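Working notes for the structure below.
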């Protein structure tokens, strides 16, 4: 496969504001390729960041066939950059595509395209504390049809955004509203796929929660409205008695988070027990009141770890650890980010280092 490189005619200067926020600024270039039944994936190119040209009848606008991922390129202490478990993100991208009736992408080609794009946009990798270059691969259906069926044609693109922490407050605890009347996903649905419909359906409730003074929503299962699933677009975990990290088991309606899996592997090596099981919301709230639950935190690529300081459920509030940062979440956050940013050796083989030496913008990258 060959990636065509288009020259930039009017590149924007690389400038970072004091507060990067999350997903507000974008680099000069993007990667694109297209799919058709006859040609497969083709016309791979790195081009100037630009609006997409979509027909008003494009399938994604009417049936929502779309999947995406979230990956980060972390600055290294000396030079270069690193990806954190990018192979897992690419595998999940293909899993989501399969669930949504879309074609998969060769994992090696997918990673190759991302690496080349990051190399060319190396100056956009920020060095502010807690910052990184966020990578957003997307696949969407482009066939011009209003039929309810799988599209025949698709576009795959990758854009880059220099970001700070997802929540500007860093590890400061956030308030979370527990939704009983609305659900995010159900078993047999698309909850374990990273697709736009899962997020679109959460927006109304999230805005309602914010109006009540909460920042995120904790979702319960769709059948019994009893078992804890996810918080916002992230996985959730609870710390029991200051030593056990407990997270809901994957059920088919919970997204299998890469950060979640990493924390489950990392926690025992730091001296904490890690378990996956069904968590009853009523038992969980009772455990907060009794003091058994000493911390709660969300896990995801954007925030890494985000602490929960209080829950709101049916007009009652439940405060955790006096709304303060807890030692277990702090330890997990430091250990994980130390690996991601290369401050310590990676004993798990999670990081993939790349050189970001100068790249000839006129060249094409060929692969046998």
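The values are calculated or read from the model by the stated rules, or taken from the named source; none is laboratory data. All values derive from a computational prediction rather than experimental measurement. Here the Cβ is made from the backbone with ideal geometry for all residues, glycine too, and neighbour counts use every protein chain on show.
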Within region 302-311, can one find any residue that is at pLDDT 95 or above and not in a strand (DSSP E or B)?
-> no
Within region 288-310, is even one residue closer than 27 Å to residue 348 by Cα, free of Cβ contacts under 8 Å to residues at least 60 places away in the same chain, surrounded by fewer than 20 Cβ atoms within 10 Å (Cβ to Cβ) and in contact with a strand residue (DSSP E or B) (Cβ under 8 Å, 6 or more places away or on another chain)?
-> no
Residues of region 150-196 being farther than 30 Å from residue 327 by Cβ and free of Cβ contacts under 8 Å to residues at least 40 places away in the same chain, which ones?
-> 181, 182
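Please work out if residue 148 is over 22 Å from residue 32 (Cα atoms), outside the structural domain of residue 299 (by TED's automatic domain parsing) and out of contact with any strand residue (DSSP E or B) (no Cβ under 8 Å at 6 or more places or on another chain).
Numbers: over 22 Å from residue 32 (Cα atoms): yes; outside the structural domain of residue 299 (by TED's automatic domain parsing): yes; out of contact with any strand residue (DSSP E or B) (no Cβ under 8 Å at 6 or more places or on another chain): yes.
In short, yes.
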Which members of region 322-336 meet the condition of being in contact (Cβ under 8 Å) with a residue 40 or more places away in the chain and either assigned to a helix (DSSP H, G or I) or surrounded by 15 or more Cβ atoms within 10 Å (Cβ to Cβ) (or both)?
-> 323, 325, 326, 327, 328, 329, 330, 331, 332, 333, 335, 336
Single residue of region 341-351 satisfying the filter (modelled with pLDDT of 95 or more and closer than 20 Å to residue 114 by Cα) that is surrounded by the most Cβ atoms within 10 Å (Cβ to Cβ) = 350
